[in-house]
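Please read the structure below before turning to the comments.
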Amino acid sequence: MASTQGSTQFIQQLQSPDPVVVYGALRMIKNAIIGSSAKKSLYFRLQIIPNVSLLLAMDDTDVQIRVQATTIISSLAHKSEEIAKELLDSGVMTPLMNQIMPGTDPVLIEASERALNALLSYTSTKMGIEEHARTIIPYLMSIIAETKDGSNVYEMHAHARIELAVRILGKLCATEARQYMVANTGVIELLVPLLPCNYPKIQISALQALSALSYENMEICRALSLVPHKGSSFSAIVLDLARHHDPEIRLHACLCLSNLSRMRVATGWLKDIQTIAVPALVKLLKNPQVSSLDAIQALGYLCHEDAEIQVAAKNAGAIVELMSILTEIENQEEEDFVDQVHNIRVAKTTLLTLGTIVSTGEECRTKAVECQVFSHLVRAMKHKDNGIKAAACLCTQYIVRSVPICRTHVPESGLLKPLLNLLRTTQTEVQVNASAALINLLPDFSPCRNDALKEGVVDILVDLMESDTIMIRRNALWCIRNVLVGIDDDTRKDIIAKIKIQRIYELSQPEVDPVVREKAVGVLQNITADSVLGTHMIFDALGSDCVLELLRQLLIPNVDNSIHTHALYLINNIAVRSQPHCELIVKDRELPQAIVSYINNTVSEVAIGALWCLNSIASHKKDLDSEQEIDGSGGGTSRYMAELEDLGVRATLENMRNDNSLCLSVKDRVKSCLDYFDTTSEP
């Protein structure tokens, strides 16, 4: 209580007309909050921010008072993003910018630069200084430009200031527009020579700035790759730094290389990245001299969508190390005096990086399974933190892409029940990732499908179909589509009764989001798969006119190709299994012509779907009671050959048979269709 009263008194003294009293109060507050998170929180609650902001905004505020107030801002900003954001909203940027202008007291300039660096440590604050970016960038460039003559960089005070300027400059590159704004100042030519300067702090800040500058920016990555320094390319310099004895330099060098690798501008150095950068990052995962979180994120970023680097990471022991990190965190969950918030962030990042490594290659997934990945995933799915749950589901999604793993390891892993439980949560990210992971557990090859059906998965998916989130609706429909293949008629009837054909029809309409619509049409396709039951249920539920109108809508030219493909296979399923319904399609005023228009489509999947439709239509014979119709032989006359001839199908197929540019799968289907015409032509 006495401490709070004293702190309140210092806040009140900041409004004193006596500068000596104000200065004394600021010093006491500064000394109290530096190094004390609790004191920062206390003064934040006591409204320190509006008081120091007001002092800096006043034109006649003494320099010494400004130094103290600015130092307080710097210390507070390091506490949290919330405090830094409130500082920014209070308007401190304008006075801080004024305090770094030429002619200002050197001590105040340094304090202001440190405050700017602290304020820009968070994503929201980096994004919130747009109006000041054009002013601060030239100022920072002027500091960095002092290194051109090579003299100032060797002075202790000068290189500390250069390091800070480079660090702030990197933080400003928060958007693509800012990256170009910074790059257009010629900063690359100034930063690259700093990389081999032998001052670790400057080297690290230069690597950080170049990494931020080139992040997800192919044009700047290309420009970087073309900048030489003393006969060495940028890639060669950074690869050399990836072998540096300083672990932090190695880490940030690997981040720069990751940018070049991701943008495919370092193809000539790919083997070196695999043999140098990847093992370097794996060794840094548990190095106490660097942030394990940063090292894990860097490895995940480097491995993203690159199968060769993922295998290199596996070979370097990344999967084993990541599992070890998860085990250590799990063992600390009940311990006191452990930073659980930090551990949650590390666990989440570890699961995401692990997911990245196993996202493509079978050998990486197999290694993860050998390292008992499922026990970690099951445990993570039961964690109290939603971020860890979502990351575990994402990792699961990638691992269960493997059919052998789905068949042999998943059934006994205990994964299914916690995954289904997560689908019942209300947290969006968890539901998105859990439903995506479930997709590959429901096809007919998966032993988990029957267990999922017993656990009520269809009811869960029906609820998810009504989610406000597009990706959840898409995933739910995808799961339903998978579960409809290879089932008996009784199960099919039960599932269709629950999902309701009318609702699937509504989700197949043009006004529905294309991502959702495509999966809904896929559900209709698979309702009619394997059995005529589904066709009868669709026509009974919607009526012939409604079904035919839907098919016409799905085949209009400006619809997505994947929707065209599903629609054509839906028509094929209807046509091949039910002659009366095939008759409706053939006699329709638009559908036959629409089908024929797609047989020479440039997208092979669409063309094959259209050719299958023709194949199925032509398969119905005039004599429905003949033995040939019953045994499916090619004899007899096609019931609909005249209609197909009128549409010019034979001539189109003949041209396609002689077209050597077509892929083999299309030509094979063309040949099958022509067999019906050749049979009809025989005397």
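Tabulated data
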{"item": "Global size of the chain as Cα Rg and Dmax, reported in angstrom", "result": "33.0, 116"}
{"item": "Distance from segment 180-232 to segment 1-60 (C-alpha centre basis), Å", "result": "41 Å"}
{"item": "Estimated inter-spin distance, residue 54 and residue 424, nm [label 7 Å along Cα→Cβ]", "result": "5.5 nm"}
{"item": "Pairwise centroid distance, computed over Cα atoms, of segment 549-607 with segment 444-498, Å", "result": "25 Å"}
{"item": "Degrees between helix 247-262 axis and first principal axis of the chain (Cα, 0 to 90, nearest 10)", "result": "40 degrees"}
{"item": "Average projection area in nm² (convex hull over Cα atoms of segment 72-193, one quarter of hull surface)", "result": "7.4 nm²"}
{"item": "Summed side-chain charge close to residue 243 - residues other than residue 243 whose Cβ falls under 13 Å, Lys, Arg +1, Asp, Glu -1", "result": "-1"}
{"item": "Neighbour net charge for residue 672 - beta-carbon separation under 12 angstrom, K R +1, D E -1", "result": "+1"}
{"item": "Under 20 Å from the Cα of residue 417 - lysines, other chains or at least 8 residues apart", "result": "382, 384, 389, 454"}
{"item": "Rounded to whole Hz, the Karplus (6.51, -1.76, 1.60) HN-Hα couplings of segment 219-229, x for glycine and proline", "result": "4, 6, 4, 4, 4, 4, 5, 9, 8, x, 8"}
{"item": "Dipole moment magnitude, nearest 20 debye, the chain about Cα centre, only Lys, Arg, Asp, Glu C-beta charged", "result": "1600 debye"}
{"item": "Extension gain (nm, one decimal) between residue 327 and residue 403, 0.36 nm per residue minus Cα-Cα", "result": "24.7 nm"}
{"item": "Residue 180 accessible area, assembled protein chains, probe 1.4 Å, Å²", "result": "60 Å²"}
{"item": "Pairwise FRET efficiency - residue 660 versus residue 176, Cβ, R0 = 51 Å, nearest 0.05", "result": "0.70"}
{"item": "Dipole of segment 509-602 [Lys/Arg +1, Asp/Glu -1 at C-beta], most positive-end residue of 542, 597, 556", "result": "597"}
{"item": "Accessible area per residue in Å² at 1.4 Å probe, computed on the chain", "result": "44 Å²"}
{"item": "Angle between the chain longest axis and helix 292-303 axis [Cα atoms, degrees, rounded to 10]", "result": "40 degrees"}
{"item": "R0 of 22 Å, Cβ-Cβ distance residue 509-residue 444: FRET efficiency to nearest 0.05", "result": "0.15"}
{"item": "Highest to lowest packing among 206-217, 225-236, scored as the average C-beta count within 10 Å", "result": "206-217, 225-236"}
{"item": "Of all accessible heavy-atom area on the chain, the percent that carbon and sulfur account for (1.4 Å)", "result": "50 percent"}
{"item": "Dipole-positive endmost among 239, 404, 42 within the chain (Cβ charges, Cα centre)", "result": "42"}
{"item": "5 angstrom amide H check on residue 621, placed H, neighbours 5+ away", "result": "639"}
{"item": "Using alpha-carbon coordinates, inclination of helix 156-171 to the longest axis of the chain, degrees", "result": "30 degrees"}
{"item": "FRET efficiency estimate (nearest 0.05) - Cβ-Cβ, residue 645 to residue 305, R0 60 angstrom", "result": "0.75"}
{"item": "Nitroxide proxy distance, nm - points 7 Å out along Cα→Cβ at residue 675 and residue 286", "result": "6.1 nm"}
{"item": "Part-to-part distance (alpha-carbon centres) for segment 243-261 and segment 347-386, which is given in Å", "result": "25 Å"}
{"item": "In sequence order, calculated HN-Hα J values of segment 545-554 (Karplus, 6.51, -1.76, 1.60; Hz; x Gly/Pro)", "result": "4, 5, 5, 5, 5, 4, 4, 4, 4, 6"}
{"item": "Residue 245 accessible area, 1.4 Å probe, all protein chains in place, Å² to nearest 10", "result": "150 Å²"}
{"item": "Whole-Hz ³J(HN,Hα) from phi, Karplus 6.51 cos²θ - 1.76 cosθ + 1.60, for segment 453-469, glycine and proline x", "result": "5, 5, 7, x, 4, 5, 4, 4, 5, 4, 5, 5, 4, 9, 4, 6, 8"}
{"item": "Solvent-accessible surface ranking, highest first, for 506, 163 at 1.4 angstrom", "result": "506, 163"}
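The values are calculated or read from the model by the stated rules, or taken from the named source; none is laboratory data. Nothing here was measured: the structure is a model prediction, and the numbers come from that model. Note that each Cβ is placed from the backbone with ideal geometry, even for glycine, and that neighbours are counted across all protein chains shown. Remember, those area values only see protein heavy atoms, side chains included, never the ligands or the DNA or RNA. Shrake-Rupley method; radii C 1.70, N 1.55, O 1.52, S 1.80 Å.
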